[in-house]
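In what follows, a structure is listed as structure tokens, so that the remarks can point back to it.
The values are calculated or read from the model by the stated rules, or taken from the named source; none is laboratory data. The shown structure was predicted, so the numbers you read here are calculated from the model rather than taken from an experiment. Ideal geometry is used to build each Cβ from the backbone, glycine not excepted, and the neighbour counts take in all protein chains shown. Heads up: the accessible areas ignore ligands, DNA and RNA and are worked out on the full protein's heavy atoms, side chains in. Shrake-Rupley method; radii C 1.70, N 1.55, O 1.52, S 1.80 Å.
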2 protein chains.
Amino acid sequence: METRELRYFVAVAEELHFGRAAQRLGIAQPPLSRAIRQLERRLGVTLFERSSRAVTLTDAGEVLLREGRAALDAVAAADRRTRRAATGRPGLVLVTKAGASSELLAKLLDAYATEPDAVAVDVQLCGPAEQERLLRDGRADVALLHRPYDSAVGFDTEDLRTEGQVVLLPAGHPLTTRPHVRLAEVTALPDLPLPRWPDPDGGYPDGPGPPVRDNAQLLQLIALGRTVAVLPESVRVHLHEGLAAVPVLDAPEVTTMIAWPPHSRSRALAALVRTATRL
Amino acid sequence: METRELRYFVAVAEELHFGRAAQRLGIAQPPLSRAIRQLERRLGVTLFERSSRAVTLTDAGEVLLREGRAALDAVAAADRRTRRAATGRPGLVLVTKAGASSELLAKLLDAYATEPDAVAVDVQLCGPAEQERLLRDGRADVALLHRPYDSAVGFDTEDLRTEGQVVLLPAGHPLTTRPHVRLAEVTALPDLPLPRWPDPDGGYPDGPGPPVRDNAQLLQLIALGRTVAVLPESVRVHLHEGLAAVPVLDAPEVTTMIAWPPHSRSRALAALVRTATRL
DNA sequence: GCCGGTGATACCCGACAGGTATCAGCTCCG
DNA sequence: CGGAGCTGATACCTGTCGGGTATCACCGGC
């Protein structure tokens, strides 16, 4: 199976439409139809049920979509990491959710910079749920993840810190006078709908809350009295005018982890992880 | 990057010889040279240092060898799992080291068979160090691994059991009268050299001990007075004429784990893991 | 029943993977 | 010190196949 075939298949499986998939791939529709047919013939497996009005995935197609994405990510990672290794400039790309764990990250970068054989660390910020992809396809070398929000499935990890959660409210909201609250009290505030985060594919689910892309946007929207959020208590360092934090007793504890691809063999990465666990 | 190019690169990187690599791939040498050159040109990276007498990997080449193998395994897994999914016969392939944890495995299979929605479980036995490969490239769905001998890097795992280790000796050996021994006493027995296990590539390292492929062979060789081995104490169920076991006080504890590829989504696998953790 | 839109088919062309023949550089050895 | 023998690189040819355009066959809906 060639990666070209896999790319074609994934495009069709995602679009469920040969024409649009071909457009996305920058080729014409007939060669795409033929390539998929040939893939099916070589695998001996029907991947799509086609009628002239609709295309749907078979069960085997679902499997190939999941496995094929993983395989394409692995190929992309091989490409990127090889290119990076060839530049001669060692360096690490660390990815974290924008606005999360910023003081922990600052401490980590400071501590690592004093190491004798430290290399440059590029910090890449992204929205939630993008980190795993970046790590998997080689755009990043290491990430800060937050259990239970992120799954660390398929990566090596070390736990760095565990903390409780607080609810962030607009200053002056009635609940801000309370010493603490319960989860049920804040998930259903009638005038403060929960924000909507993007799906892995970049779209937003429907709902009443405002769409947000990162924590900075989120804090601003809370200060504007448009929404509310439950976040690890370390966000307190970002508190400013217009925001108040109240501990949530029964919210799950959040563990910040450092995560990296399991077969990494870089000395620089090992040193960074060692530094992180010693903080 | 196409999988064909990756296969070619890995072949050359493993052989470090264009002619032999071409032979292994079933093509002529010139197209292989050209394909590698083209790969280098497209990546903008030198992968090999060539002289007319020797071919060596550059640092970037080392990276691509490691990452490329992982990517090829992922592609192979996509292929195999898709084919399997299409047969309609659900079923799991469980792989374990021949002769290891056999009673635990028997109990697991028995317990799982009584589950309401149990599927067929094929048991595949292999030598040590092959299991990870089988799991990674889709030939197996789930494995029993033994920490610290096996690394579970890149897989999801659940610990099943932890046990101490014993040394297996030929009956009548002087040490068999002892209530327990220390590791140092058995690793350097002059008349009983340690056995040699195959490398991941199937070859055997040099040394005085007999080569072995699995535990059954090993037990036989021990009974014949040719070698000695330190194994988890559950091997006692295989004791028979000619064999004796003595606890080793300072040998590391061995944990049997059940392991599976991290993005598995099969209900059957989930049920098997659940059964295993309840044993 | 016609129209719009879907994927499949037919056919052509150019790119490129693979083959053979050969060259060029390096070691080793007589 | 020069040739033999091995290495990978180059030159050149050929057939396959990926991609394009034109068109068909099918289906649903107004």
When the charge dipole of chain B is computed with +1 at the Cβ of Lys and Arg and -1 at the Cβ of Asp and Glu, the Cα pointing farthest to the positive end, of B:PRO232, B:VAL63, B:ALA244, is that of B:VAL63
How compact is the protein assembly as shown by the rule of thumb for globular proteins, expressed as Cα Rg over 2.2 N^0.38 Å? 1.13
How about region A:115-218: which trypsin sites (Lys or Arg not before Pro) there are in a DSSP loop, with at most 16 other Cβ atoms within 10 Å of their Cβ? A:ARG182, A:ARG213
Distance in nm between pseudo-label sites at A:GLU62 and B:ASP159 (7 Å out along the Cβ direction from Cα): 3.4
Sort out for me the Cα centre separation of region A:111-130 from region A:1-42, rounded to whole Å. 38
Shortest-first distances to equivalent copies, position B:PRO193, nm, label 7 Å out along Cβ: 7.6
One decimal, nm, nearest first: from A:ALA28 to the same residue in each other copy, label points 7 Å out along Cα→Cβ, the values are 3.3
I'd like the antiparallel share, as a percent to the nearest 5, of DSSP beta bridges with both residues in region A:89-185. 0
For B:TRP260, what accessible surface area do you get with a 1.4 Å probe? Give it in Å², rounded to 10. 40
With a 1.4 Å probe and all protein chains kept in place, how much accessible area does A:TYR204 have, in Å² rounded to the nearest 10? 80
Inter-copy label distances at A:ASP59 (7 Å, Cα→Cβ; nm, one decimal): 5.0
Out of residues 5 or more away from B:ALA229 or on other chains, whose amide H comes under 5 Å of its own, with H placed 1.01 Å from N in the peptide plane? B:LEU168
Cα gyration tensor shape for region B:142-254, rounded if a/c is under 1.5, else prolate or oblate: oblate
Here the whole-number average of other chain Cβ atoms within 10 Å per Cβ of A:1-11 is 3
What is the mean projected area of the alpha carbon convex hull for region B:1-147, to one decimal in square nanometres? 11.6
Under 5 Å, built H, 5+ apart or other chain: amide partners of A:ALA244: A:LEU169, A:ALA171
For the rotation that superimposes chain A on chain B, which residue of A has the C-beta lying nearest to the axis, and at what distance in Å? A:ALA74, 2
Do any GluC sites (Glu not before Pro) in region B:194-279 lie in a DSSP loop with no more than 10 other beta carbon atoms within 10 Å, and if so, which? B:GLU241
If I ignore ligands, DNA and RNA and count only protein heavy atoms, how much of A:LEU239 is accessible to a 1.4 Å probe, in Å² to the nearest 10? 60
Roughly how much accessible area, to the nearest 100 Å², goes out of reach of solvent when A and B pair up, both sides summed, probe 1.4 Å? 3000
Suppose each label sits 7 Å from its Cα in the direction of the beta carbon; what would the A:GLU233-A:THR187 distance come out to in nanometres? 2.1
Taking max minus min of the Cα coordinates of region B:186-251 on each principal axis, largest first, gives extents in Å of 31, 23, 23
Considering every residue in B:58-68, what mean count of other chain Cβ atoms within 10 Å of its Cβ is obtained? 6
Share, in percent, of DSSP beta bridges within chain A that are antiparallel, nearest 5: 70
One-quarter of the Cα convex hull surface for region B:64-139, in nm²? 5.8
Could you pull the Cα extents of region B:3-83 along its three principal axes, largest to smallest, in whole Å? 43, 26, 20
List the lysines whose Cα lies under 21 Å from the Cα of A:LYS97, skipping any in the same chain that are fewer than 8 positions away. A:LYS107
When the gyration tensor of chain B is built from Cα positions, what are the square roots of 5 times its three eigenvalues, in whole Å, from largest to smallest? 39, 28, 15
Contact order normalised by residue count of chain A, Cα under 8 Å, 6+ apart, percent: 21
Give the relative contact order (percent, whole number) for region A:64-189; include only Cα pairs under 8 Å separated by 6+ residues. 29
Report the charge-dipole magnitude of the protein assembly as shown in Debye, nearest 20, computed about the Cα centre from +1 at each Lys and Arg Cβ and -1 at each Asp and Glu Cβ. 1780
Value at 222 nm in deg cm²/dmol, rounded to 500, when DSSP H runs of n ≥ 4 in chain A each add -39,500 (n - 2.57): -12000 deg cm²/dmol
Springs between alpha-carbon atoms under 10 Å, Gaussian network over chain A: tell me which of A:PRO198, A:PRO128, A:PRO30 tops the mean-square fluctuations. A:PRO30
Relative to the Cα centre, what is the charge dipole magnitude of region B:165-248, using +1 at the beta carbon of each Lys and Arg, -1 at the beta carbon of each Asp and Glu, and rounding to the nearest 20 debye? 220
Treat every Asp and Glu Cβ in region B:1-93 as -1 and every Lys and Arg Cβ as +1, leave all other atoms uncharged, and give the resulting dipole magnitude about the Cα centre to the nearest 20 debye. 440
